[in-house]
Amino acid sequence: MANIFGKGLGKAARATGLKPKLIEWVNPSDTEIVWKYPDEVIPWGSVVIVKEFENALFYRDGKLYGLLGAGRHVLDTQNVPFLSGLVEGLYGENIFRCMIIYVSLRRFQGKFGGRTQTIELAPLLFHGSFYFRIEDPSLFVNKVVGPQSVFTTDELNEYLRGYFNEKIMAYLSSTSIQDVYMKQAEVTERVTMLLRKDFKDIGVSLEKVVFEGVDTEGPWRDRLFWMMRGGVQTGYVLQMETVKEVAKELGKSPGAAIGTGMVIVPPLMQPPPPTQPTTAPTVATQPAAPVATPSFAICPYCGKQVPIGANFCPYCGRKVKWCSKQHICTEEARFCPVCGEELK
């Protein structure tokens, strides 16, 4: 026994009457994030072995008492002072009663995927991978492992997947479908930046996000086909769809349709501004006529027309907000999905 637990521990073992234990996370796989030692009654003088890229945390009754880094640790109040709060008497014998939770500090891969709607209410299916490390084991155990009672890799991966999906769906719902398809690198970078703060709040460092598949459904595939062709300006197809929707709504109220239609429809029928030539013109040209400034924007919730500057959608009643360039955003958005401006 002296060879296992070191010199000077035989007396402590005899004093308690309990045999000290050797506590170690044996051969964890590359995918295991945490491991809980199965016994919560720890004899005085037990030895905890913590390897490199691991931490051992002592947790009881919803409270984290302390953490041990890499090394060989003899469990008594002299060597590990925070254990004084965990000492109990059992038939006159001193023990420590707590959970010992090992946390790996290596890099892990998580999976995400789900279904949401973009700002135009287009269905969006997505999936991919995210890479992370446990940056603050104490915070991670206090916020996730302990309160959720998740101690297996499968349980933790399911929790982190749900946590990731919840955050990314909130962002994608305020993003244009054409940005998701045509500016995927930019969208990925912004998603990573926004989600890093959310993951930091639970003690996790989010290192990388990779979209492995993005898709939509039905008529939206045809619209994207034309929007992504070089000869068709992006956004024009959606503009025509908006005209159809407005006409449909006006048709429901014939009495109001004539007057309202004269105000709404002409601005919507304005063609998008022409693209700038890639080379300088060889002959003088007349200056282009000024393009009418749109009076309406598409509601990110119901897809109907909202007057520029309005605080609420006149159709669904949901609150909206605007960036300084008058791009419409959801109430929850922290950045403009069009120009990226931070919203105050």
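Every number here is computed from the coordinates shown, using simple stated rules; none is lab data. What you see is a predicted model; the values in this text were computed from it and never measured. Neighbour counts run over all protein chains shown; Cβ positions are idealised from the backbone, glycine included.
General observations
- Cβ-defined net charge surrounding V338, 10 Å radius [Lys, Arg +1; Asp, Glu -1]: -1
- Mean Cβ neighbour count within 10 Å, used as a protection proxy, ranking 172-178, 102-108, 19-25 highest first: 172-178, 102-108, 19-25
- Protection proxy ranking of 63-71, 78-86, 326-334 - average other beta-carbon atoms within 10 Å, highest first: 326-334, 63-71, 78-86
- For the residue pairs K63/K200; K200/K344; K36/K208; K63/K344; K19/K143, the C-alpha atoms sit more than 30 angstrom apart in K63/K344; K19/K143.
- The Kirkwood hydrodynamic radius of the stretch 37-90, based on inverse pair distances between different Cα atoms, is 11.8 Å.
- Prolate is the label for the stretch 108-154, because the ratio a/c of its alpha-carbon gyration tensor axes (a ≥ b ≥ c) is 1.5 or higher and a/b is greater than b/c.
- Charge dipole (Cα centre; +1 on Lys/Arg Cβ, -1 on Asp/Glu Cβ; no other charges) of the stretch 107-215 amounts to roughly 180 debye.
- Length gained when the stretch V26-Q148 is fully extended (0.36 nm per residue, less Cα-Cα span): 41.5 nm
- When only alpha carbons of the stretch 153-210 are considered, Rg and Dmax amount to 12.2, 37 Å.
- Taking every C-alpha pair closer than 8 Å and separated by at least 6 residues, the mean separation divided by the residue count of the stretch 294-344 gives a relative contact order of 23 percent.
- Sites E52 and M193 - FRET efficiency at Förster radius 22 Å, r taken between beta-carbons, to 0.05: 0.10
- Compactness of the stretch 107-215 was expressed as the Cα radius of gyration divided by 2.2 N^0.38 Å, which yields 1.09.
- Total charge dipole magnitude, the stretch 28-114, about the Cα centre, Cβ charges on Lys, Arg, Asp, Glu only, Debye to nearest 20: 360 debye
- Calculated log₁₀ intensity ratio I(q)/I(0) where the Debye formula runs over C-alpha points of the stretch 294-344, q = 0.14, 0.22, 0.28 Å⁻¹: -0.28, -0.70, -1.10
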